[in-house]
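Just below is one structure, and these are the notes that go with it.
Quick note: the coordinates plus some simple rules give every number you see, no bench work behind them. Note that the coordinates shown come from a computational prediction; the quantities given were computed from them, not determined experimentally. Cβ atoms come from the backbone with ideal geometry, glycine included; neighbour counts cover every protein chain shown.
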Ligand SMILES: Cc1cc2nc3c(=O)[nH]c(=O)nc-3n(C[C@H](O)[C@H](O)[C@H](O)COP(=O)(O)OP(=O)(O)OC[C@H]3O[C@@H](n4cnc5c(N)ncnc54)[C@H](O)[C@@H]3O)c2cc1C
């Protein structure tokens, strides 16, 4: 039996069933059945609550895998929470339910595989974690490993291992060098744990959080910068909850750092007439509230920056959040195509985002399209404009 | 093969597997609408559908209706299920016809401002689509972020903009509808049946599949307003004067937050709305509003605050989280009876120990749509059931003072005989002509049926609810 904390229980009943979340949900957009919508899931939860505010284990087992699929067919984009009539923290509820499902062992096969992988190899790719720094050799980046530094650059699994976006790590490093930042990489970075939190594997995530915090704090760094919104969420918001204490360092996303460099004059980017649009990553924009900073950076590059349909807090997911790519790749692909279409219809030259996963997904989609656009990360755009890449 | 198996396989054959579901989770979530059902309802009705279908075209709907006729299976049309009167709740199983897949914006006649859409289009999409044009919607419901165009045609059709441009029915020129026997007809003001006969028929006479809506040219200026008052009576008098002296797009009056019945004497209130016209007219109307608000000792809030309230206009149920459940009813009432009615709602709230909030949306100088909301807690089933009778109590009095229910569906059906007997006769006549097998949304609006098709007499239902109300005092 799992006791739902009081506030979440109130939330489940407070859900007005008004359906504002239904139409917004990128998953429902393609699946179309009520049970796949946030509203449908909230109603289902109400129905599987037994007496005394407990999720009824028996009912969960009875509904089994189909129930679990409803909660894992979700990008965790947070649009449902954004439009909620009664301001229910739906992301919190979805996390809690995944936790329960994981505890009960009713999760999709791919989730079990993923969490085993991360547990064993400390990264999401089942790679030898000592090869995490290989991107340095591949890209020829100029990187220091120091025992202590002001800033730690937390690269993240996707940027470290995925060839398509290793250029983001190269860009961030070159920019940190360019402004003479006293920075270092971690000697033994582990997965941030965000994929495990999304899997519901909280205990396992805690182990990773503990290790990473220990590693970062051992450098005496005051700030940690990451280019990955998932890592940012983990380091900034999930770690304090997982560890029960606030780590001693400040966490910044690379777009925030770049924006302070630019506004303080530390970084001067030559303006050009390149036309750009920007895709707000859900975890960066809507969920973490970092919407202004990437735009400050973009506006330093060009005056012809075009907002796409749905931006800022209203931005639509690229399909790769919430582990959907692992659980339901074809659905993730459809969502990516829809979002890519909106971005491409701005008729700009380059699509920019500030997340390795979004960039990877949208760039991949672009390759399947006729006249696919170039999709790059914000840090790469800046490094290129300055001539560092 | 049983009949239902045969029916299902034929349904899948004709439509395709991807449009049909018998999944048990799906059945669970399609068994209700916006309102939380008291548990006893499940004893009376079979609210679980047998199958859910998501048609993609008018032809699909026709196929489904024909098949339903062949196998004598009820069909329950469903938009976004945001109507709280039980219209989309099955009473004896059947087919849920989820119409949200019919969601294309078909054509905008730019010259004449006529927009043709499929019935499952959500209002917000229409509003978004029109942003790029020189037209706008005359009227839309406050549930515009989720409800469908077809759903509003089937129900009340009063919302923002109705004060200035009239109800939805006055802003539609033509619809395509599928009749219970599967025939497709195009309906306008001069056809038989006519638009006004089918509009508001709550899904018991036809399924609307396509609608052609009248647009209005975009106005030069739009000016939201909001005024606070220290008591409801003053706010109401001011609102009446605003109606007399200006031409607002919308005017909504509300009690402030919800009224704690325990310690409250007279609630604060506010109204908000919007002027839209040419710049000069808007300005002049705003000046008039200013002096009216002053006269009634109100306070006109700054423009940005008023704009924020206007932008929040779709979020009318924010307070639900304090319930966490709500009970209520909606009715149209003469404007001069609003104060009496509000006071009665407060009195009822007091008796039942439920906090109450009241919203009044003006439809004209003489009539308003009133929506009292009682906060309660469905997790206490006995108390919730007892309190549910409050919805009937409110309506009893509203009808006595010259009002009428804003919808009937499953919960208000006994009131049609009292409030609108002629309308009921007309609907009964049309129902027997168009749907002799009683397959389209049976057991709603003009009469209810419990399990096994047994009729539920309105009187019995009313007496039961009255009994529950009395019992509440005892318990
Ligand atoms: C926050 C909120 C605000 C609201 N504000 C308003 C308001 O301002 N004005 C107002 O009038 N209502 C309002 N409502 C009630 C409701 O949203 C409206 O009645 C809305 O038009 C219902 O649309 P729907 O798509 O949800 O229909 P549903 O709830 O799915 O269906 C309503 C009824 O219509 C039938 N039906 C649905 N689609 C069709 C169709 N295509 N053909 C035939 N029958 C059909 C169904 O069988 C059912 O009986 C509000 C509700 C909420 C939750």
Q. Dividing the alpha-carbon radius of gyration of the stretch A:1-80 by 2.2 N^0.38 Å (N being the number of residues), what value is obtained?
A. 1.09
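Enter the mean projected area of the convex hull around the alpha-carbon atoms of the stretch A:20-132, in nm², rounded to one decimal.
8.4 nm²
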Q) Regarding the protein assembly as shown, what are the three Cα extents along the principal axes, ordered largest first, in Å? A) 85, 73, 58
**Q.** Relative contact order [Cα under 8 Å, 6+ residues apart], the stretch B:1-147, whole percent
**A.** 21 percent
Q. Where both residues lie in the protein assembly as shown, what percent of DSSP beta bridges are antiparallel, nearest 5?
A. 70 percent
Q) Tell me, A:253, B:353, A:85, A:211 in order of fewest to most beta-carbon neighbours within 10 Å? A) B:353, A:211, A:85, A:253
Q.
Please report the equivalent ellipsoid semi-axes of the stretch B:5-101, computed as sqrt(5 x eigenvalue) of the Cα gyration tensor, largest first, in whole Å.
A. 23, 14, 11
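What is the calculated FRET efficiency for residue B:422 to residue B:181, with r their C-beta to C-beta distance and R₀ = 25 Å, to the nearest 0.05?
0.45
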(Q) More than 41 angstrom separation, counting every C-alpha pair in chain B; what % is that? (A) 19 percent
Q: Along Cα→Cβ, 7 Å out, is where each label goes; now give me the distance between the ones at residue A:304 and residue A:128 in nm to one decimal.
A: 4.9 nm
Q. For peptide B:117-123, how many partner chain Cβ atoms fall within 10 Å of a residue's Cβ, on average?
A. 1
Q: Would you kindly calculate the translational diffusion coefficient of the stretch A:87-139, applying Stokes-Einstein with the Kirkwood radius from alpha carbon pairs, for 10 °C and a viscosity of 1.306 mPa s, and quote it in µm² s⁻¹ without decimals?
A: 119 µm²/s
Q.
What whole-number distance in Å separates the alpha-carbon centres of the stretch B:285-350 and the stretch A:9-52?
A. 29 Å
Q: Arrange the peptides B:404-410, B:103-109, B:335-341 so that the one whose residues have, on average, the most other Cβ atoms within 10 Å appears first.
A: B:404-410, B:335-341, B:103-109
Q. Once both axes come from the Cα atoms, what is the angle between helix B:3-15 and the longest principal axis of chain B, in degrees from 0 to 90, rounded to 10?
A. 70 degrees
Q. When the convex hull of the C-alpha atoms of the stretch A:211-289 is computed, what volume per residue in Å³ does it have?
A. 114 Å³
Q: Working from the alpha-carbon coordinates of the stretch B:314-365, get Rg over Rh, Rh being the Kirkwood radius.
A: 0.98
Q. Taking only Cα atoms, what is the 0 to 90° angle, nearest 10, from helix B:279-295's long axis to the longest principal axis of chain B?
A. 70 degrees
Q: Please give the average number of partner chain Cβ atoms lying within 10 Å of the Cβ of each residue in A:4-13, rounded to a whole number.
A: 2
Q: Before rounding to the nearest 500, sum -39500 (n - 2.57) across all DSSP H runs of length at least 4 in chain A and divide by the residue total; then give [θ] at 222 nm in deg cm²/dmol.
A: -14500 deg cm²/dmol
Q: Could you line up A:172, A:179 from fewest to most neighbouring Cβ atoms inside 10 Å?
A: A:179, A:172
Q. If you take the C-alpha gyration tensor of the stretch B:221-314, multiply each eigenvalue by 5 and take the square root, what semi-axes do you get, largest first, in whole Å?
A. 24, 14, 10
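Using only DSSP helix segments of four residues or longer, with each worth -39500 (n - 2.57), what per-residue ellipticity at 222 nm results for chain B after dividing by its residue count and rounding to 500?
-10500 deg cm²/dmol
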Q: Using only Cα atoms, find the angle between the long axis of helix B:458-474 and the longest principal axis of chain B, and express it within 0 to 90 degrees, rounded to the nearest 10.
A: 50 degrees
Q) Which whole-number percent is the relative contact order of chain A (Cα, under 8 Å, 6+ apart)? A) 16 percent
Q: Based on alpha-carbon positions alone, could you give the equivalent ellipsoid semi-axes of chain A from the gyration tensor, as √(5λ), descending, whole Å?
A: 34, 25, 18
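Kindly state, as a whole number, the per residue volume in cubic angstrom of the convex hull around the alpha carbon atoms of the stretch B:46-170.
Dividing the Cα hull volume of the stretch B:46-170 by its residue count gives 109 Å³.
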**Q.** 10 Å Cβ neighbours from other chains, averaged over peptide A:81-88
**A.** 4
Q: Output the Kirkwood hydrodynamic radius of the stretch A:119-244, Cα pairs only, in Å rounded to one decimal.
A: 14.6 Å
Q: Evaluate the Debye formula for the stretch A:250-302 with equal point scatterers sitting on the alpha carbons, no solvent, and hand back log10 of I(q)/I(0) at q = 0.16, 0.22 Å⁻¹, in q order, two decimals.
A: -0.48, -0.84
Q: Kindly put B:207, B:186, B:121 in sequence by how many other C-beta atoms sit within 10 Å of each C-beta, fewest to most.
A: B:186, B:121, B:207
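May I ask for the Rg/Rh ratio of the stretch A:270-386, computed from Cα atoms with Rh as the Kirkwood radius, given to two decimals?
Rg divided by Rh gives 0.95.
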Q: For residue A:54, put the label point 7 Å out on the Cα→Cβ axis and report which residues of the stretch A:1-30 keep their amide N under 16 Å from it.
A: A:1-6
Q.
Take residue B:40 and residue B:218, extend 7 Å from each Cα along the Cα→Cβ direction, and tell me the distance between the two endpoints in nm.
A. 5.4 nm
